[in-house]
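Shown next, in structure tokens, is the structure this report addresses.
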Amino acid sequence: MKSRYVGLSVLMAMLAAATLAAAGELELPKEKISGGEPEKMMQQYWLRQVDSAAQRWREEYEKRTAPEQISAYQARLRDEFLKAIGGLPERTPLAAQVTGTVARDGYRVEKIIFESQPKHYVTGLLFLPDAERFKAPYPGVLIPCGHAMSAKGHDEYQTMGALLALSGMAAFVFDPIDQGERGQRLGDDGWPKLWGTTAHWMVGVGSMLVGRNTARFEIWDGIRAIDYLQSRPEVDPQRIGCTGNSGGGTQTSYLMALETRLKAAAPSCYLCGFPALLHTIGPQDAEQTIFGQLAFGMDHADYLMMQAPTPFLVCAATQDFFDIQGTWTIFRDAKRLYTRMGFAERLEILENDAKHNYNTVQREGVVRWMARWLLGKDQPIKEPRIALLDENEIRCTPDGMVMKLAGARSVYDLNEDYENELAVRRAAAWKDGRRAELLDQVRSLAGIRKLGELPDPRVESLGAFERNGYRIEQLVLCPEEGIWLPALKFLPARPNGKVVLYLHEAGKAAGAADGGPIEKRVLAGEVVLAVDVRGTGQTQPGGPGKPGAPPPVDTKGVFLAYLLGRSYVGVRAEDVLVCARYARNLEQNKSPGVSLVAVGNLGVPALHAAALEPGLFDAVSLSRSLRSWSSVVHNHVSQDQAVNAVHGALVHYDLPDLAKAVGEKLSISEPLGPMGQPIE
């Protein structure tokens, strides 16, 4: 048995070496490709569109001066934003409970659990002022936490809650999903294996398939936390504010943009504007990446303006990884709008000479802002030494995790429930046979133009060479401005009249080694066109991956596209169509269409192309492609599936629906599950 494994490892090494050799001679010289650096092509492509969206935003902003224009703009963006995150759930009983109390000098802390949705538990700490020193009812300030693993137990958030209470205001610090006590998917040992941004993206991929966003869950938790604050007799329901840092600053910005009950807000260390963000560190966490946000004209400045003239303090750090110049740009834009409305004093900025933080300077500035607008007092705030709660004192649940409570429902469960409803609707719709109408919905959701609307590619020839009795031509196909697709055309000595479009997630050189699948087809007489569709092969940021290793995914590009309201499935499907039409029109082709071969994650866009333009293809072969989107939602965890996703697709269709539409010309081998694992 040992010798068998040794032999297998030697064989794998030989295959990797052969692939490496093939790749070396088959990659196109970068200096001959228009644009010069194909590995930077996609980032530059998307950032040009980001800049165009920013220019459109600027033009619309400058037109917005009259009160009725401002009101209409605020209402429109609210509707667009809520639609993009999948709407909000219905209100259900909070079933709130106090599970303990901790006394401190000058305030007390109550441990709270409530249900933002049935059996979906939220944990938080309610800091209440000393009743002998301050007379109730108090203003209430919501504090959503940033990405600290301990969340409400983190010293910065505890201290903010305590300082507000010592200043005469109630403060509610609560755990976001996958932080603190709210791990959403526990391992065998009863503790989460994923947390923070990694976990949020895991939730986000399943959410986008059903037309939702991780932000939907966080926003609703925040809205219900406001409900809880207003339910407390010690809190004045008309004086509610919100502040948070980093990821908590994101949540604060969203809540302030949507919630008329908030009378003051102070987000810290997040707002900087999409042009600055995307040109520097790029797209961030799942809840900070909203589908189509740039397309429908919503930037960070809009969070400040959507409830104007409500008082808003922008807290920023000079040395933050969120670009400080971007922060000043959006602040100035929002300040001008507040000034137009006659309330310039209600928008201010606190710039702290520090790194990404929620330190004493920030906290004192925030509490002074809240006191000004919620207490009617404007005076300096000095933070004393705070006696922090220990690990046991911050715990709201018996075992430290909400998912250990009886009947607890995770965000994965909530998405799965919704997908179950959608599956019934999809089955009924596709059974009715309204296929043309359904395929129009597919086209619209994926953003795929009709073949007749796609221009013919400009073709550049970079040379040719002979190998093993056939000829290889090096080409570049340019389907649109700024996109150059490296390609190889394999020409047999005796063509049999058939042409194959060969697409591999690892790029055009994959499968082209001596004795490989491409060579076998060429030696059988078929012309093969192998193309690096955008984001693969030489156009993959960083260049082609290592032979034998899983190909890298253009993750940053995927989420830039998502912000712009597009998908890699859609743009790659258009590449497939353009390349297939070019291949069909080759003089060597004697068939009505071409044979399409797609390997790996290119199977999903290839399937879309074949379903929408069936006359272009004689046969379609998919290998090692994702079998269904619904499996991603039901499995809860997935691997590199954002590149395969279309926002809201499962509302109308799943991949097996497209497979049935393609019909008998489709063959599928080695289908994969959501973790990239082979399935039956």
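Bear in mind that the values in this text are calculations on the coordinates, not laboratory data. Everything numeric here is computed off the predicted structure, so don't read it as measured data. In this analysis, Cβ positions are derived from the backbone assuming ideal geometry, glycine residues included, and neighbour counts consider all displayed protein chains.
Assorted remarks:
- For ALA464, the residues whose amide H sits under 5 Å from its own are GLN474, ignoring neighbours fewer than 5 places away on the same chain, with H placed 1.01 Å from N.
- Taking the Cα centre of the range 83-409 as origin and assigning +1 to Lys and Arg Cβ atoms and -1 to Asp and Glu Cβ atoms, the resulting dipole is close to 740 debye.
- Relative contact order (%) - the range 83-409, alpha-carbon pairs under 8 angstrom, separation at least six: 19 percent
- Loop-located GluC sites (Glu not before Pro) in the range 123-202, at most 13 other Cβ atoms within 10 Å (DSSP): GLU132
- Rounded, prolate or oblate (a/c below 1.5 giving rounded, otherwise prolate when a/b exceeds b/c) for the range 475-514 by Cα gyration tensor: oblate
- DSSP-defined antiparallel bridges as percent of all bridges, the chain, nearest 5: 50 percent
- Sites ARG261 and ASP188, calculated FRET efficiency, Cβ-Cβ separation with R0 41 Å, nearest 0.05: 0.45
- The chain, Rg to Rh (Cα coordinates; Rh as Kirkwood inverse mean 1/r): 1.03
- Furthest towards positive pole of dipole, GLY36, PRO614, CYS145, structure part the chain, Cβ charges: PRO614
- Per-residue ³J(HN,Hα) for the range 409-419, Karplus 6.51 cos²θ - 1.76 cosθ + 1.60, θ = phi - 60°, Hz, x for Gly and Pro: 10, 8, 5, 4, 4, 5, 5, 5, 4, 5, 5
- Maximal additional length on extending the LYS431-ASP456 stretch stands at 5.4 nm, based on 0.36 nm per residue less the C-alpha distance.
- Cα-based shape type of the range 371-411, given that a ≥ b ≥ c are square roots of the gyration tensor eigenvalues and the cut on a/c is 1.5: oblate
- Three principal axis lengths of the range 271-377 [C-alpha, angstrom, descending]: 40, 32, 22
- For the range 152-206, the calculated P(r) over all alpha carbon pairs, in 10 Å bins from 0 to the bin holding the longest distance, is 23, 37, 25, 14, 1 percent.
- Listed by Cβ neighbour count within 10 Å, with the fewest neighbours leading, THR329, THR99, THR214 appear as THR99, THR329, THR214.
- You can think of it this way: the chain between ARG467 and ILE679 has 72.6 nm of extra reach, that is 0.36 nm per residue less the Cα-Cα gap.
- The charge dipole of the range 439-669, taken about its Cα centre with unit charges on the Cβ atoms of Lys, Arg (+1), Asp and Glu (-1) only, comes to about 300 debye.
- Per residue of the chain, the DSSP helices (runs of n ≥ 4 H) give a summed -39500 (n - 2.57) that works out to -12000 deg cm²/dmol at 222 nm.
- For VAL424 and GLU664, the FRET efficiency from 1/(1 + (r/R0)^6), where r spans their Cβ atoms and R0 equals 25 Å, is about 0.35.
- The string of couplings for the range 89-99 from the Karplus curve (6.51, -1.76, 1.60, θ = phi - 60°) is x, 7, 5, 10, x, 6, 6, 6, 9, 9, 9 Hz, one whole number per residue in order, with x for Gly and Pro.
- Shown for ILE386, ILE177, ILE324: other C-beta atoms within 10 Å of each C-beta, ranked fewest to most, produce the order ILE324, ILE386, ILE177.
- Here is the list for the range 272-378: trypsin sites (Lys or Arg not before Pro) lying in DSSP coil, each with at most 14 other C-beta atoms within 10 angstrom of its C-beta, are LYS355, LYS377.
- Rounded if a/c under 1.5, otherwise prolate or oblate - the range 48-135, Cα gyration tensor axes: prolate
- Take the Cβ atoms of ARG133 and LEU88, set R0 to 30 Å, and the FRET efficiency comes out at 0.20.
- Taking amide H as placed 1.01 Å from N in the peptide plane, ALA354 has its amide H under 5 Å from the amide H of THR318, GLN319, each at least 5 places away in sequence or on another chain.
- In nm, spacing of pseudo-spin labels at GLN588 and ALA387 (7 Å Cα→C-beta vector): 8.3 nm
- Diffusion coefficient, µm² s⁻¹, Stokes-Einstein with Kirkwood Rh over alpha-carbon pairs of the range 439-669 at 25 °C and 0.890 mPa s: 138 µm²/s
- Overall Cα dimensions of the range 533-680, principal axis frame, Å, largest first: 46, 34, 33
- Taking HIS652, HIS120 and counting other C-beta atoms within 10 Å, the order from fewest to most: HIS652, HIS120
- Amide hydrogen neighbours beyond the local backbone of GLY180, cut-off 5 Å, H modeled: SER150, ALA151
- With semi-axes defined as the square roots of five times the eigenvalues of the C-alpha gyration tensor, the equivalent ellipsoid of the range 613-680 measures 22, 15, 10 Å, largest first.
- When only the Cβ of Lys, Arg, Asp and Glu is charged (+1, +1, -1, -1), the dipole of the chain relative to its Cα centre reaches about 700 debye.
- Cα point-scatterer Debye curve for the range 83-409, base-10 log of I(q)/I(0) at q = 0.07, 0.13 Å⁻¹: -0.25, -0.92
- Applying the criteria of a DSSP loop state and at most 13 other Cβ atoms within 10 Å to the trypsin sites (Lys or Arg not before Pro) of the range 509-614 yields LYS590.
- Whole-Å distance, taken between Cα centres, linking the range 588-647 and the range 417-441: 19 Å
- Backbone HN-Hα couplings from phi across the range 500-505 [Karplus 6.51/-1.76/1.60, Hz, Gly and Pro as x]: 10, 9, 10, 10, 10, 4
- Here's the picture: charge each Lys and Arg Cβ at +1 and each Asp and Glu Cβ at -1 in the range 85-224, and of LEU209, GLY106, ALA136 the one pushed furthest to the positive end of that dipole is LEU209.
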